[in-house]
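Chemist: Quick one: structure below, then a few questions.
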Amino acid sequence: MLIGPVFSRELVTQPRRIQHHVLRTTYPAVLLILICTAWLVLAGTQIIRNLSDMARFGTILFQILATLNLAILTFLAAVTSASAVAQEKDKKTFVLLLMTQLSNHEVVLGKLFAALLEVFVMFFAALPLFLLLPLFGGVDYRQVGTAMAITSATMVLAGSIGSFLALSREKTFQTLSLTVLVLVAWLAIAEG
């Protein structure tokens, strides 16, 4: 198996945690509240006269939600993957993992994808809301698919950065602060 037993264990035990269910319901609920609030603002401030008004609303709503989804899930992916490895190091169990017969990629990729499991649950829980946005108009399903592909690839990249920094640092605070600093610098460079 490519990922290994570390990921397999997390895949089995994670749905038993209450945090798994809370994240799976809270994140889409917050996005739905944002959609409803935007609709109430639109309906309360102007009269919807034709389909172009609805298409403009769908486009603006998609731009806001896709950007918000990308930002939140990117930071969560980086921080959760960094903290997963840092907590293993704090508990002194990471050395035990390295002493097993597991290969290097099974340990590293197993910890990375186990940490990203929660974030991908949030991602897939919000996906139906994004698939409803083309019904407003102004957004195509291909645009939604492209935004979701970019978000998932960015989540894996940010998680890899967080995991790399956690593997190279000893202290949890150093790891988390450096991870956030690298992500902020990455975003600043990308915007510049």
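The values are calculated or read from the model by the stated rules, or taken from the named source; none is laboratory data. Here the structure is a predicted model, which means the values were calculated and not measured. Quick reminder, even Gly has a Cβ in these numbers, built from the backbone with ideal geometry, and neighbours come from all protein chains shown.
Chemist: Test F173 against the criterion of being among the aromatic types (F, W, Y), farther than 25 Å from V12 by Cβ and in a helix (DSSP H, G or I), and give yes or no.
Modeler: Working: among the aromatic types (F, W, Y): yes; farther than 25 Å from V12 by Cβ: yes; in a helix (DSSP H, G or I): yes.
Taking the combined requirement at face value, the residue satisfies it.
Chemist: When residues of the stretch 34-78 are filtered for being hydroxyl-bearing (S, T, Y), surrounded by fewer than 15 Cβ atoms within 10 Å (Cβ to Cβ) and under 17 Å from the mean Cα position of the chain (by Cα), how many remain? If you could, list the steps in order and put the result at the bottom.
Modeler: If we filter the stretch 34-78 for residues that are hydroxyl-bearing (S, T, Y), which is where we start, we get 37, 45, 52, 59, 67, 74.
Now narrow it down to the ones that are surrounded by fewer than 15 Cβ atoms within 10 Å (Cβ to Cβ): 37, 45, 52, 67.
Checking which are under 17 Å from the mean Cα position of the chain (by Cα) leaves us with 67.
Number satisfying all stated conditions: 1.
Chemist: Can I ask one more? Among the residues of the stretch 128-148, are any out of contact with any Ser or Thr (no Cβ under 7 Å at 6 or more places or on another chain), among the charged types (D, E, K, R), closer than 30 Å to V12 by Cα and part of a helix (DSSP H, G or I)?
Modeler: Keep residues of the stretch 128-148 that are out of contact with any Ser or Thr (no Cβ under 7 Å at 6 or more places or on another chain), which gives 128-137, 140-148.
Now narrow it down to the ones that are among the charged types (D, E, K, R): 140, 142.
After this cut, where a residue has to be closer than 30 Å to V12 by Cα as well, the list is none.
No, the conditions are met nowhere in the stretch 128-148.
Chemist: Specify which of the listed residues (I33, I60) is in a helix (DSSP H, G or I) and either modelled with pLDDT of 90 or more or of a type in the set (S, T, Y) (or both).
Modeler: Criteria check complete, one pass: I33.
Chemist: Same structure again: Scan the stretch 19-26 and give yes if some residue there is among the charged types (D, E, K, R), modelled with pLDDT under 75 and within 19 Å of the chain's Cα centre (by Cα), otherwise no. Talk me through it step by step, then tell me what you get.
Modeler: Looking only at the stretch 19-26, we keep the residues that are among the charged types (D, E, K, R), and these are 24.
This time we only want the ones that are modelled with pLDDT under 75, so: none.
No, the stretch 19-26 contains no residue that is among the charged types (D, E, K, R), modelled with pLDDT under 75 and within 19 Å of the chain's Cα centre (by Cα).
Chemist: Another question, if that's okay. Which one of these is touching a residue at least 12 places away in the same chain (Cβ under 8 Å), among the small types (G, A, S), crowded, with 19+ Cβ neighbours inside 10 Å and touching a helix residue (DSSP H, G or I) at 6+ places or on another chain (Cβ under 9 Å): G137, G110? Explain how you work it out, then say what you get.
Modeler: Numbers: G137 fails: crowded, with 19+ Cβ neighbours inside 10 Å.
Of G137, G110, the one residue that is touching a residue at least 12 places away in the same chain (Cβ under 8 Å), among the small types (G, A, S), crowded, with 19+ Cβ neighbours inside 10 Å and touching a helix residue (DSSP H, G or I) at 6+ places or on another chain (Cβ under 9 Å) is G110.
Chemist: Give S103, S81 a once-over and let me know the one that is among the small types (G, A, S) and surrounded by fewer than 18 Cβ atoms within 10 Å (Cβ to Cβ). I'd like the intermediate steps shown before the answer.
Modeler: Values: S81 fails: surrounded by fewer than 18 Cβ atoms within 10 Å (Cβ to Cβ).
Exactly one residue qualifies, and that residue is S103.
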